[in-house]
1. Taking residue 150 and the conditions (1) outside any helix (DSSP H, G or I); (2) in contact with a helix residue (DSSP H, G or I) (Cβ under 6 Å, 6 or more places away or on another chain); (3) more than 16 Å from the ligand (Cβ to nearest atom); (4) of a type outside the set (D, E, K, R), which numbered condition does it fall short on, given that it satisfies the others?
2. Scan the stretch 59-82 residue by residue and report those that are hydrophobic (A, V, I, L, M, F, W, C) and closer than 19 Å to residue 233 by Cβ.
3. Residues of the stretch 275-312 being among the charged types (D, E, K, R) and not in a helix (DSSP H, G or I), which ones?
4. Could you please find all residues in the stretch 50-71 being surrounded by 19 or more Cβ atoms within 10 Å (Cβ to Cβ) and small (Gly, Ala, Ser)?
5. Quick one: what pairs do we get from the stretch 103-118, first residue free of Cβ contacts under 8 Å to residues at least 40 places away in the same chain, second surrounded by fewer than 20 Cβ atoms within 10 Å (Cβ to Cβ) and part of a loop (DSSP other than H, G, I, E, B), C-beta under 9 Å, 6+ apart or different chains?
6. For residue 366, work out the one condition from (1) among the small types (Gly, Ala, Ser); (2) touching a helix residue (DSSP H, G or I) at 6+ places or on another chain (Cβ under 7 Å); (3) modelled with pLDDT of 95 or more it doesn't fulfil.
7. Where in the stretch 62-139 are there strands (runs of 3 or more DSSP E), lying fully within it, with 3 or more residues that are in contact with a Lys or Arg (Cβ under 7 Å, 6 or more places away or on another chain) and over 30 Å from residue 42 (Cα atoms)?
8. Restricting to the stretch 46-100, count the residues that are without any contact (Cβ under 8 Å) to a residue 60 or more places away in the chain and of a type in the set (Asp, Glu).
Amino acid sequence: MSLDVARIRALYPALSDGYAWLDAAAGTQVPRPVIEAVAAAYAEGIGNAHGAFPAGARSDEIVARARQAVADLVGGDAGGVVFGPNMTTLTYRFAYTLAKDWGPDDEIVVSRLDHDANVRPWVQAATRAGARIRWAAVEVPSGELPAGQYDELVTDRTRLVAVTAASNILGTMPDVRRITERAHAVGALTYVDGVHATPHSPIDMVALGADFYATSSYKWSGPHIGAVAARPELLERLSPDKLASSPAEVPDRFETGTLPFADLAGVAAAVDHLAGLDPDATGTRRERLLASMAAVEAHEQAELAHLLKGLSALPGVGLVGSPRRRTATAYFTVAGHTPHQVAEYLAARAINVWDGHCYAWELTQAFGIRDAGSGVRAGLVHYNDRSDVDRLLNALEDLTSG
Ligand SMILES: Cc1ncc(COP(=O)(O)O)c(C=O)c1O
């Protein structure tokens with residue numbers, strides 16, 4: 001089963017504007033069914049949650065459907081899916097909550113591969129609690145996060161290990177399973193950042209050993225909403241700060257204020273869209289997601305191979321990192337041009353890429369490129385095709401030869 005990318009692209013109104021959208025790692029475009037689901041929720045009329053009248057019940061139903069959709073996407077439990085404005089805000093909330101019972105005898109482990117949203121909230125919460133912070137190092141120049149180092153980093157004092165399922169600039173997919181097994185062996189919790197990984201391959205948070213799995217729907221064709229999935233029993237043990245008057249049950253008690261109901265209708269529609277990417281996939285939505293995301297991975301990896309081969313052949317283009325397992329994300333520098341100049345040059349040719357540290361704060365520093373503007377990122381998803389990649393390669397060839 002290969003993807004019918006032309007059919008998929010036709011579902012995305014924004015993709016018809018003539019640009020090559022290679023900025024997916026910063027956020028994806030939205031297909032028509034998602035736009036329509038958000039519009040339909042508003043058109044039908046939205047009441048606040050738990051109201052006595054039908055519009056309130058509709059909002060309750062939207063939230064329940066969105067929780068089930070995210071659970072299906074990541075292999076979690078709908079009763080443990082927490083929504084928030086974005087992953088960063090949710091991670092701050094969980095860090096603050098978990099750190100309530102950390103003290104000077106405790107340690108946490110963060111990694112230099114991670115987006116800063118899975119580093120700083122933990123570092124700041126641990127610092128406040130007087131706990132020790134231990135850092136997992138990235139191998140330079142490969143950009144790998146060797147899992148073996150966790151044997152020494154994780155001790156019987158470790159309370160939490162925060163690690164990414166994929167680097168948002170290099171695409172590196174570390175051996176999360178091995179890392180979480182080590183954490184669980186000493187009774188530590190694991191917080192896995194799945195924001196970059198989720199759109200690129202089938203996800204099974206249980207197989208990954210993630211006690212918490214964070215994701216953001218705007219990276220997989222949905223609205224700007226973050227979610228953290230956890231086992232409901234684990235959430236039951238935690239006491240986030242909350243209003244006296246707001247729901248005390250799980251997962252609601254982790255959600256401050258009113259949820260964006262219409263956008264949540266879009267979250268469920270985005271998951272349905274992903275499940276339908278392989279039209280031959282059958283079975284439950286979870287089964288269709290697994291099949292569709294496997295087809296997505298195969299398509300993206302083929303385009304990535306073409307992109308990496310083309311970039312390596314260009315004089316003056318330097319690829320950053322060479323991880324063995326990676327998402328369809330390439331990060332590079334161009335001799336004689338700052339990353340921002342390259343991005344501007346490409347934008348003038350209707351090619352969207354991201355430039356700069358992309359919040360991979362520690363990683364760009366580890367590679368020694370942060371102060372020089374870091375790099376240029378081309379991030380592919382399922383809707384990118386060969387013409388997008390070739391347009392980028394041709395434009396870079398013009399830039400480096402001219
Ligand atoms: C790997 C990774 N983690 C975390 C984040 C932060 O996500 P959010 O924008 O939902 O806070 C991003 C955003 O780009 C990301 O790529």
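The values are calculated or read from the model by the stated rules, or taken from the named source; none is laboratory data. Worth saying up front: this structure is predicted, and the values here are computed from it rather than measured. For neighbour counting, all protein chains shown are included, and Cβ atoms are generated from backbone atoms with ideal geometry for every residue, glycine included.
1. All conditions pass for residue 150, except number (1).
2. Across the stretch 59-82, the qualifying residues are 70, 71, 74, 78, 81, 82.
3. Once the filter is applied, which keeps residues that are among the charged types (D, E, K, R) and not in a helix (DSSP H, G or I), the stretch 275-312 yields 278, 280.
4. 59, 66, 69, 71
5. 103/130; 104/130
6. (2)
7. Filter on the stretch 62-139 gives 107-111.
8. Final tally of qualifying residues: 2.
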